[in-house]
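Trainee: Handing you this structure, nothing more for now.
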Amino acid sequence: MPVMDLQDWISEYSKPGYLWFAKRLSANDTGLTGSHQDGPLIAKSALFTAFPSLGDTERSVRDATLDLYTDSHARRDRARAVWYTSKNEGRLTRVGRSESPFLDHENTGELAVFVFVLIGSGDSEECHAWVCGNDGHDAELIEEMIGPIEPKSFILWQPGSTAPQGELFGSKGNCTLASDEIPSEWLKTFPSGEEIIQKTLELRRNQYRSVDERLEARRRCEFEIFKSVEQVFWLPRLRRNFDLDSFIALAQSILQSRKSRSGNSLELHARQILIEEQFRPNVDFQHRPVTEHGKMPDFIFPSQSAYEDNSFPTDKLRMLAAKTTCKDRWRQVLEEANRIPVKHLLTLQEGVSETQFRQMTESGLKLVVPRSLHKKYPESVRPHVMTLESFLAELRLTLPS
């Protein structure tokens with residue numbers, strides 16, 4: 001059975017009668033951290049839509065079988081969709097053994113798409129999946145169509161009936177805004193990332209959290225605010241009568257808004273935390289400086305002028321990039337500041353394989369990961385991953401007094 005072309009695959013399943021569920025594979029999904037799970041986590045909303053029988057509350061473990069075609073790797077498995085009441089989670093299991101792309105440690109952080117074939121009110125009997133590869137090009141193609149997909153989040157989409165909807169796993173909605181809580185000017189012009197982050201600070205300005213906890217709490221809050229504004233801002237526009245070209249243009253505007261938020265969010269939160277931690281802009285750090293060949297790293301410490309001054313000690317320079325996922329993007333960071341031999345990368349990716357971490361280390365890259373995510377990394381890797389707090393502590397030792 002030949003591997004399909006991704007463009008053909010997307011065209012085949014972007015029709016009514018299918019349910020798309022897209023997420024990034026975590027370390028728990030792939031078994032990277034030695035967990036005993038044997039398949040990817042599937043959000044409750046997706047699982048119960050594709051398998052209505054799993055909503056039966058009389059059994060603690062409910063399951064259904066289906067044919068799982070992993071079209072990206074030309075394989076078929078007789079899989080099992082299962083809901084565990086005690087854990088309040090669902091998974092696809094029996095997806096294959098070590099040869100399965102879902103259980104390949106090297107696919108940790110990779111984008112995976114599951115397309116369930118819907119059968120009226122019955123359980124889906126067939127699912128077509130794609131585990132992205134191709135140096136990130138597959139993921140870029142899919143995200144161009146349904147929007148960015150970050151760690152701990154997913155997108156659910158029924159072609160022909162709804163727009164792709166992004167959600168957070170385990171989100172409690174503490175920062176979800178009612179329509180009357182949204183600033184009136186945001187209903188006229190969609191707010192910038194900086195404006196949404198300022199609103200986040202109103203709700204999550206807890207200075208007593210560690211910087212790692214602060215970063216994660218604010219990111220969750222900001223995502224919920226963004227989704228609240230997106231619903232109130234775009235839905236009335238979608239409901240208006242207009243021609244097909246106008247609809248397509250509006251859909252592109254929504255996707256562009258999502259990509260802009262996803263691309264800048266982590267960087268802007270990091271900048272805010274630097275300021276709160278008494279790092280002075282343009283003195284202790286510079287945001288988006290310009291280096292060789294017009295490259296623009298997210299942060300250089302202490303400044304662009306120090307970087308350009310060949311008499312300034314190289315061992316006192318630092319560079320920090322901020323990327324929510326790093327599996328296919330970490331090599332970009334290596335080219336952003338030639339004078340700095342060891343670069344730092346702040347990421348929210350839930351684990352990397354030992355092989356990939358070794359490649360990063362040998363290339364002069366250090367990972368900076370919020371403390372709560374360290375358990376998502378292999379035990380051999382954890383001692384070598386920095387927290388954001390430890391990175392800031394190191395900065396304080398290197399900055400000029």
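The values are calculated or read from the model by the stated rules, or taken from the named source; none is laboratory data. Since the model is a prediction, treat every value here as computed from it, not as a measurement. For neighbour counting, all protein chains shown are included, and Cβ atoms are generated from backbone atoms with ideal geometry for every residue, glycine included. Only protein heavy atoms, including side chains, enter the accessible area calculation; ligands, DNA and RNA are left aside. Shrake-Rupley method; radii C 1.70, N 1.55, O 1.52, S 1.80 Å.
Trainee: Given a 1.4 Å probe and heavy atoms of the protein chains only, how would you sort His374, His137, His269, largest accessible area at the top?
Mentor: Greatest to least solvent exposure: His137, His374, His269.
Trainee: Mind scanning Lys15/Lys227; Lys23/Lys44; Lys152/Lys323; Lys259/Lys343; Lys295/Lys343 and naming the pairs with a C-alpha gap bigger than 23 Å?
Mentor: Exceeds cut-off: Lys15/Lys227; Lys259/Lys343.
Trainee: Now for a separate question. I need the shape label for the stretch 79-156. Rule: rounded when a/c is under 1.5, else prolate if a/b > b/c, else oblate, with a, b, c from the alpha carbon gyration tensor.
Mentor: prolate
Trainee: What are the ³J(HN,Hα) couplings of the stretch 286-291, residue after residue, when phi is run through the Karplus curve with 6.51, -1.76, 1.60 and θ = phi - 60°? Round to Hz, x for glycine and proline.
Mentor: Rounded to whole hertz, the list is 10, 8, 6, x, 10, 10.
Trainee: Tell me, what are the semi-axes, in whole angstrom and largest first, of the equivalent ellipsoid of the stretch 247-316 as set by the roots of 5 times the Cα gyration tensor eigenvalues?
Mentor: Listed largest to smallest, the semi-axes of the stretch 247-316 are 32, 16, 7 Å.
Trainee: Taking N as the number of residues in the stretch 28-77, what is its alpha-carbon radius of gyration divided by 2.2 N^0.38 Å?
Mentor: In units of the globular-protein estimate, the stretch 28-77 measures up at 1.37.
Trainee: Taking the chain as a Gaussian network, Cα atoms linked when under 10 Å apart, which of Ile149, Ile119, Ile340 shows the biggest mean-square fluctuation?
Mentor: Between Ile149, Ile119, Ile340, it is Ile119 that shows the largest mean-square fluctuation.
Trainee: For Phe285, what residues show an amide H to amide H distance below 5 Å, using hydrogens built from the backbone and excluding near sequence neighbours?
Mentor: Answer set, sorted by chain and number: Arg280.
Trainee: For the chain, list the cysteines whose Cβ sits under 4.7 Å from no other cysteine Cβ?
Mentor: Cys127, Cys132, Cys326
Trainee: Next question, about the same structure. For the stretch 346-401, what value does the Rg/Rh ratio take when both radii are computed over Cα atoms and Rh is the Kirkwood radius, given to two decimals?
Mentor: 1.01
Trainee: How large is the convex hull of the C-alpha atoms of the stretch 243-375 per residue, in Å³?
Mentor: Measuring per residue, one finds 152 Å³ for the Cα hull of the stretch 243-375.
Trainee: If you don't mind, there's one more thing I want to ask. Could you tell me the distance between the Cα centroids of the stretch 216-268 and the stretch 308-360, to the nearest Å?
Mentor: Rounded to whole Å, the Cα centres lie 30 Å apart.
Trainee: Right, another one. In the chain, carbon and sulfur make up what percent of the accessible area (probe 1.4 Å)?
Mentor: Whole-percent figure for carbon plus sulfur exposure: 47.
Trainee: Mind grabbing the base-10 log of I(q)/I(0) for the chain at q = 0.09, 0.11 Å⁻¹? Debye formula, identical points on the C-alpha positions, no solvent, two decimal places.
Mentor: The computed values of log10 I(q)/I(0) come out as -0.59, -0.88.
Trainee: Here's another thing I want to ask about it. Looking only at Cα atoms, what is the convex hull volume of the stretch 316-374 per residue, in Å³?
Mentor: In the stretch 316-374, the Cα convex hull volume per residue is 78 Å³.
Trainee: Which of Leu141, Leu25, Leu156 moves most in a GNM of the chain, Cα contacts under 10 Å?
Mentor: Highest fluctuation of the listed residues: Leu141.
Trainee: For the stretch 9-29 and the stretch 77-109, what is the separation of their Cα centres, given in Å?
Mentor: 15
Trainee: Sticking with this structure for a sec: If you wrap a convex hull around the C-alpha atoms of the stretch 93-213 and split its volume per residue, what is the figure in Å³?
Mentor: 207
Trainee: Could you give me the ³J(HN,Hα) list for the stretch 58-74, computed from phi with Karplus coefficients 6.51, -1.76, 1.60 and θ = phi - 60°, whole Hz, x at Gly and Pro?
Mentor: Those phi angles translate into 7, 10, 6, 10, 10, 8, 8, 9, 7, 8, 9, 9, 8, 5, 5, 10, 6 Hz.
Trainee: I need the Kirkwood Rh of the stretch 152-266: take the reciprocal of the average 1/r across all distinct C-alpha pairs and report it in angstrom.
Mentor: One decimal place: 15.3 Å for the Kirkwood radius.
Trainee: Right, something else. Given Cα pairs under 8 Å that are at least 6 residues apart, what percent is the relative contact order of the stretch 1-100?
Mentor: Relative contact order here is 26 percent.
Trainee: Can I ask one more? I'd like the accessible area for Val211, computed on protein heavy atoms only with a 1.4 Å probe and all protein chains in place. Round to 10 Å², please.
Mentor: 10
Trainee: Could you work out which residue, out of Leu177, Leu346, Leu68, moves most in a Gaussian network model of the chain, that is, has the largest mean-square fluctuation with Cα springs under 10 Å?
Mentor: Between Leu177, Leu346, Leu68, it is Leu177 that shows the largest mean-square fluctuation.
Trainee: Consider just the alpha-carbon atoms of the stretch 19-107 and return their Rg together with their Dmax, both in angstrom.
Mentor: According to the Cα coordinates of the stretch 19-107, Rg and Dmax are 12.8, 38 Å.
Trainee: Over the chain, what is the mean sequence separation of C-alpha contacts under 8 Å (at least six apart), divided by residue count, expressed as relative contact order in percent?
Mentor: 15
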